[in-house]
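The values are calculated or read from the model by the stated rules, or taken from the named source; none is laboratory data. What you see is a predicted model; the values in this text were computed from it and never measured. Please note: Cβ atoms are built from the backbone with ideal geometry, for glycine as well, and neighbour counts cover all protein chains shown. Areas reflect the complete protein model, heavy atoms only, side chains present, ligands, DNA and RNA absent. Shrake-Rupley method; radii C 1.70, N 1.55, O 1.52, S 1.80 Å.
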Amino acid sequence: MDENLDWLGYDLSHEGTYAKVIKKLEFLIRRSFQYDVWQKRSKIGVTTCPICEGEMHFLKPESHHYPQTLFDIVDSCLQDHIYKNDLDELDEFDICKEIMNKHLTNQVEWVVLCKQCHEKFHDNVPSVVEAMPEAYKIQKEKREEYFNKTYGGTQ
Ligand SMILES: [Zn+2]
Ligand SMILES: [Zn+2]
């Protein structure tokens, strides 16, 4: 990274500080009203957990950012602005807004998991971690199929 990467009093050229800023932005994003809207919207059309195949009706569905984590998404947004050299014109809320817009305009990828499998993934349970790429792919296809059937095309 360049020198002189001061943003809102944070030295972004310092790796630890940079990660802390991302965590802070993540926190603000997760607490926003729009994030709540996305959480609800992102689960539409998903009836089973792609890992354990349990019925979501009986489980607690949760949306998990995948393959990019929310941390990655915030990171690439900041990198973008560092590259464009316009970060100075923006504050934390501008970045949060930009990322929420990405969520609400379908520019992020995710997978809906039951609460249990979600926790197992974050706990690095090997069977769940290994099953994830395929589970994500299949669910994404099913979700797109559902949306095409429900909102587009002829019946
Ligand atoms: Zn599950
Ligand atoms: Zn997660």
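Pull up segment 1-16, narrow it to residues that are part of a loop (DSSP other than H, G, I, E, B) and open to solvent by less than 90 Å² (accessible area, probe 1.4 Å), then point me to the one that is modelled with the lowest pLDDT.
Here is the first cut: in segment 1-16, the residues part of a loop (DSSP other than H, G, I, E, B) are 1-5, 8-9, 12-14.
Okay, now just the ones that are also open to solvent by less than 90 Å² (accessible area, probe 1.4 Å), so 5, 8-9, 12-13.
Details: L5: 85, L8: 94, G9: 94, L12: 95, S13: 93.
Going through the qualifying residues, I end up with L5.
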Subject >> Where a residue in segment 127-146 is modelled with pLDDT of 95 or more and its partner, wherever it lies, is charged (D, E, K, R), with Cβ under 7 Å and at least six apart >> reply: V128/K120
Subject >> Cβ-Cβ under 8 Å pairs, at least 6 apart or on other chains, segment 99-116 side closer than 25 Å to T47 by Cβ, far side among the β-branched types (V, I, T) >> reply: L104/V37; V108/I73; V112/V46; L113/I51; C114/I51
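Within segment 37-60, how many residues turn out to be open to solvent by 80 Å² or more (accessible area, probe 1.4 Å) and either touching a residue at least 60 places away in the same chain (Cβ under 8 Å) or of a type in the set (D, E, K, R) (or both)? Lay out the reasoning, then the answer.
From segment 37-60, those open to solvent by 80 Å² or more (accessible area, probe 1.4 Å) are 40-41, 47, 53, 55, 57-58, 60; that's our starting set.
Within this subset, residues satisfying the condition of being either touching a residue at least 60 places away in the same chain (Cβ under 8 Å) or of a type in the set (D, E, K, R) (or both) are 40-41, 53, 55, 60.
Number satisfying all stated conditions: 5.
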